[in-house]
Amino acid sequence: MSPVPERIVIATRADAGQRLDHVLRRHLADVRGATRTRVQAWIRDGGVRVNGRPAARPAARAVAGDAIQVTLPDEPARLVMDAEAARLDVLYEDDYFLAINKPSGLVVHPTYRHPTGTLMNGLLWRARAWPAAQRPSLVGRLDKLTSGIVLVAKTRPMHAALQRALASAASRKDYLALVYGRVTPARGSIDLRLHRDDRDRRRVVASPVRGVPSATQFERLARVAAPRVGLTLLRCRLLTGRMHQIRVHLAARGWPIVGDPVYGEPRWTAVTDARLASALHDCPRQALHAWQLAFPHPSTGAPIRIGAAVPEDLAGLLAVAGLAPPA
């Protein structure tokens, strides 16, 4: 078996203070396939070490003299995104961007495990009649098992403009989450740093000291006793946008999201109401929904407010629990 190819890059003075993914892109210009997206994936998947330690994140800043070790995966066959006819639930659209209501179970972007049948495949089909300069690009993503609002820019400049608008103090991004537990206080903020699990790079770990700063506000909308467990419906507002942020933050506070296959717990086994216990057990996905979005339009400055109604599967579970879906 041939050894896995590796490269060691020594950060120069010109690299000092630059993002790690940008530094690697510059030094690996001769490596076929070392695109920004793939370099970021190598970092997130643990294939990059800085001075012997796994790289924290693509946005980490390089220091002159850093020894950056990169494991170069075999060059895969090029992933081609095909346009596919699909029914899309469009919540908003203008000449600059659109908002889609993504159902749970739909992958947003093609991967080698999911090359077809994704949201992007459907968007490419919809974009066939767009002007030549326009092409859909996702502004943020949702996990496969999370439903709700996904923003899609029509041009590269609008993609960057939407990212700035969503990062501004004038933006609001609210989720609904059904969690186990009796949440107190009624509202508050979870400020815990997040980092990749050293043992499983697909998972995220919350820590008071390690990782990137992350903050989630929560507000209790309703709750029921659900003996002996308790169920609470929360509004969660992202102050930062990290991978799995809401799921990890809530689980770290002892309020795991119902149906979460990674960070959840099977607390339905302790629910004494047999019908409710069965509904919780049968929940096919994490009970998390990207519910409302507000931000200033990047082109006109007009206030944009977009809402995605609670989907039927989640509404049905709330009904069994005796919780009314918020309007």
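The values are calculated or read from the model by the stated rules, or taken from the named source; none is laboratory data. Predicted model, so just to flag it, every value in this text is computed and none were measured. Cβ: placed from backbone, ideal geometry, glycine included. Neighbour counts: every protein chain shown.
The table for this structure:
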read-out: Residue, surrounded by the most Cβ atoms within 10 Å (Cβ to Cβ), within the stretch 95-125, restricted to residues that are within 22 Å of Met158 (Cβ to Cβ) and free of Cβ contacts under 8 Å to residues at least 40 places away in the same chain; value: Leu123
read-out: From Arg61, Arg36, Arg57, residue being at pLDDT below 85 and outside the structural domain of Val150 (by TED's automatic domain parsing); value: Arg36
read-out: Of residues in the stretch 179-195 being touching a helix residue (DSSP H, G or I) at 6+ places or on another chain (Cβ under 7 Å) and not in a loop (DSSP other than H, G, I, E, B), the one surrounded by the most Cβ atoms within 10 Å (Cβ to Cβ); value: Val179
read-out: Number of the condition not met by Asp30 [criteria: (1) touching a residue at least 40 places away in the same chain (Cβ under 8 Å); (2) out of contact with any Gly (no Cβ under 9 Å at 6 or more places or on another chain)]; value: (1)
read-out: Residue in the stretch 290-307 that is surrounded by fewer than 19 Cβ atoms within 10 Å (Cβ to Cβ), in contact with a Gly (Cβ under 8 Å, 6 or more places away or on another chain) and assigned by TED's automatic domain parsing to the domain that holds Gly211 present; value: no
read-out: Any chance Tyr112 is hydroxyl-bearing (Ser, Thr, Tyr) and either part of a strand (DSSP E or B) or not assigned by TED's automatic domain parsing to the domain that holds Val152 (or both); value: no
read-out: Within the stretch 1-18, tally of residues that are touching a residue at least 12 places away in the same chain (Cβ under 8 Å) and either in a loop (DSSP other than H, G, I, E, B) or crowded, with 17+ Cβ neighbours inside 10 Å (or both); value: 9
read-out: In the stretch 202-231, residue modelled with the lowest pLDDT [restricted to those that are buried (at least 23 other Cβ atoms within 10 Å of the Cβ) and over 21 Å from the mean Cα position of the chain (by Cα)]; value: Ala226
